[in-house]
Amino acid sequence: MHIVKNLQNFLYDQDYYIDLFKNCLHVYYYEELLSLSETLIELRLKEFILIIEGNNLSISNMDKHEILIKGEIKEMRFQR
């Protein structure tokens, strides 16, 4: 199922894609990492800032357009 969503995102050329799993958040097409701590991570996407709050947050994997965040995610919100 996850592969199908990724393929759809690629084919439809969306501006961003966010997958939320248990204790894991996968974000495609972020532009910049703005803030990083164990309780707060902020990412700039094309049209908004994604704010992730929780406990023991860490970046498990990261490249130019994709990031994998692990930890206890309590809240996620968008800010324009």
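All of the numbers you see were taken from the coordinates with simple rules; none came from a lab. This one's a predicted model, so the numbers in the text were calculated from it and none came from an experiment. When we count neighbours, we look across all protein chains shown, and the Cβ atoms used for this are built from the backbone with ideal geometry, even at glycine.
Annotations
- Over the Cα atoms of the chain, the radius of gyration divided by the Kirkwood radius equals 0.95; this is the Rg/Rh ratio.
- Residue among Met62, Leu40, Cys24 farthest towards the positive dipole end of the chain, charges placed on Cβ: Cys24
- Axis of helix 2-12 versus longest Cα principal axis of the chain: the two differ by about 60°, to the nearest ten degrees.
- Contour excess over end-to-end distance, with Cα ends at Phe48 and Met62 and 0.36 nm allotted per residue: 3.1 nm
- Using a cutoff of 8 angstrom between alpha carbon atoms and counting only pairs six or more residues apart, the relative contact order for the chain works out to 25 percent.
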